[in-house]
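Everything below concerns the one structure shown next.
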Amino acid sequence: MANVGLQFQASAGDADPQSRPVLLLGQLHHLHRVPWSHVRGKLQPRVTEELWQAALATLNPNPTDSCPLYLNYATVAALPSRVSRHNSPSAAHFITRLVRTCLPPGAQRCILMVCEQPDIFASACALARAFPLFTHRSGASRRSEKRTVTVEFFLVGQDNGPVEVSMLQCLANATEGVRLAARIVDTPCNEMNTDIFLEEINKVGKELGIAPTIIRDEELKTRGFGGIYGVGKAALHPPALAILSHNPDGATQTIAWVGKGIVYDTGGLSIKGKTTMPGMKRDCGGAAAILGAFRAAVKQGFKDNLHAVFCLAENAVGPGATRPDDIHLLYSGKTVEINNTDAEGRLVLADGVSYACKDLGADIILDMATLTGAQGIATGKYHAAMLTNSAEWEAACVKAGRKCGDLVHPLVYCPELHFSEFTSAVADMKNSVADRDNSPSSCAGLFIASHIGFDWPGVWVHLDIAAPVHAGERATGFGVALLLALFGRASEDPLLNLVSPLGCEPDGQEGDVGRDSKRRRLV
């Protein structure tokens with residue numbers, strides 16, 4: 001499904017399904033609420049009202065089900081009727097699966113997505129995940145036809161009027177961000193090296209009218225970024241710290257998103273094995289998500305200062321590679337004894353969050369990374385692991401994940417019990433834990449936090465997306481929707497306001513984040 005254009009329209013119009021194949025998708029009780037008069041033009045003359053009703057009667061989702069209406073040109077598919085409390089009410093993951101398996105082929109296709117208004121955002125982002133952009137299959141290069149999928153939402157329940165144009169634009173920007181992130185993650189390192197990643201950052205900056213700040217190669221060493229420099233110094237393409245800064249008038253707080261951008265991770269001299277190294281092109285997933293989300297957030301009118309900080313390096317093997325036992329001085333001023341060169345992501349992020357704190361004056365720092373293999377064990381393939389110094393933001397992250405479909409679950413935050421895992425006899429800390437059975441994903445996050453300080457008064461959020469960044473061999477663009485939803489209250493966009501759990505509630509009462517401190521609110 002690569003090289004497909006995705007369009008969101010208030011009305012997809014009518015067409016014979018033989019000339020424009022169609023997929024009708026939603027929860028079964030929602031599908032029953034769609035009047036025949038609305039779907040008739042998308043199904044006739046191939047499908048009658050009686051056949052439509054008969055198809056709905058045969059659907060028995062467990063958890064999903066589908067029924068062909070006319071050969072392979074028209075299909076109706078049902079999502080789970082209910083989900084558990086740790087899932088998204090939109091059933092986003094099932095949307096992606098059903099589109100991949102049930103959407104009929106064709107150059108021009110249509111999806112009618114039936115849902116309630118609160119699920120529009122998650123549903124759109126789930127649809128986008130089904131259409132990856134990257135491919136190097138030879139057949140794709142010979143295909144001249146332009147393929148388009150038009151998406152129309154039919155809203156049921158409360159607020160079931162037509163979808164506004166501004167809402168469609170928000171969906172377009174958000175889904176473009178999801179697909180951008182997925183494309184970067186899918187692209188192998190012989191193409192997506194640090195030079196090309198910087199080109200992607202420059203491209204987004206040019207589109208938004210923002211000139212990036214770039215600190216690169218030996219300048220990193222000179223200016224004290226020992227983490228980023230130490231990880232990437234053996235690679236052909238040198239490491240870099242890049243920053244895109246959005247500083248609107250009237251901003252009242254400063255937010256920094258810090259992304260791990262390891263374009264390939266061999267493990268360094270602590271080299272990975274032949275079965276664990278394949279797939280490490282995905283180690284830039286955090287930085288890719290932040291780039292896609294930053295582009296969408298600025299386009300949708302982000303009201304506060306927003307900095308996207310990209311920590312870019314290739315963890316390569318060579319004569320100049322960092323050795324176990326080397327000691328690096330990081331930007332925080334703290335020294336780190338290297339006992340595992342494959343624990344490199346925390347080193348580059350430590351420099352990134354230190355820069356966000358010291359140079360950008362951030363009130364809220366969020367870092368996102370494919371950080372630990374243990375994340376998939378701790379919270380599974382679908383839920384990112386989250387660690388934060390704020391109970392309010394912990395709850396908000398979980399709620400934002402359910403609202404947008406990028407699911408999140410908390411890790412234990414307990415530095416007084418866990419940080420001793422990094423004790424070093426000769427430096428301020430080691431970079432990998434002494435006991436890998438003692439919550440390694442939590443400990444990895446705490447390593448990053450230690451470089452801004454556990455007593456730092458601002459909000460720090462760490463998101464480990466190692467498992468949900470991909471589904472099988474394809475990137476998901478995970479993290480873009482989550483950032484847009486979590487920080488939706490800092491946007492002027494009403495749809496992002498709707499999916500955000502932060503800030504003031506419509507009735508004027510306090511939201512999930514208290515207002516006792518400027519550093520802990522987002523309104």
### Message
Classify segment 189-499 from the C-alpha gyration tensor, please: rounded if a/c falls under 1.5, else prolate or oblate depending on whether a/b exceeds b/c.
### Response
rounded
### Task
Within the set of other residues whose C-beta is less than 13 Å from the C-beta of A471, count the net charge using Lys and Arg as +1 and Asp and Glu as -1.
+3
### Message
Which of rounded, prolate or oblate describes segment 317-395 when judged by the alpha-carbon gyration tensor and an a/c cut-off of 1.5?
### Response
oblate
### Query
On alpha-carbon atoms, Rg over Rh for the chain using Kirkwood Rh?
0.99
### Summary
Summing +1 per Lys or Arg and -1 per Asp or Glu among the other residues with Cβ less than 13 Å from A313's Cβ gives -2
### Message
Could you order the peptides 285-295, 151-161 from most to least packed, using the average number of other C-beta atoms within 10 Å per residue?
### Response
285-295, 151-161
### Message
Checking the a/c ratio against 1.5 first, then a/b against b/c, what shape does the Cα gyration tensor give for segment 1-104?
### Response
oblate
### 0 to 90° range, to nearest 10: angle between helix 285-299 axis and the chain longest Cα axis
60
### segment 189-499, accessible surface, carbon-and-sulfur percent (1.4 angstrom probe)
51
### Message
Given the DSSP H assignment, sum -39500 (n - 2.57) over each helix run of at least 4 residues in the chain and divide by its residue total; what's the result at 222 nm in deg cm²/dmol, nearest 500?
### Response
-9500 deg cm²/dmol
### Per-bin percent of Cα-Cα distances, segment 329-372 [10 Å]
25, 52, 22, 1
### Query
Taking Cα atoms, how many degrees apart are the long axis of helix 194-208 and the longest axis of the chain, rounded to 10 and kept between 0 and 90?
60
### Query
Going by alpha carbons, how many degrees (0 to 90, nearest 10) lie between the helix axis of 165-186 and the longest principal axis of the chain?
50
#### Entry: Computed over segment 120-218, Kirkwood Rh from alpha-carbon pairs, angstrom
16.5
### Environment charge of I338, counting only residues whose C-beta is closer than 13 Å and scoring Lys/Arg +1, Asp/Glu -1
-2
### Task
Could you tell me the distance between the Cα centroids of segment 74-141 and segment 147-216, to the nearest Å?
17
### Task
Express in whole angstrom the spacing between the alpha-carbon centres of segment 375-417 and segment 337-354.
21
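The values are calculated or read from the model by the stated rules, or taken from the named source; none is laboratory data. No experiment lies behind these values; they were computed from the predicted model shown. Neighbour counts are summed over all protein chains in view; Cβ atoms, including those assigned to glycine, are modelled from backbone coordinates with ideal geometry. Each accessible area value is taken on the protein alone, full model and side chains, heavy atoms only, with ligands, DNA and RNA left out. Shrake-Rupley method; radii C 1.70, N 1.55, O 1.52, S 1.80 Å.
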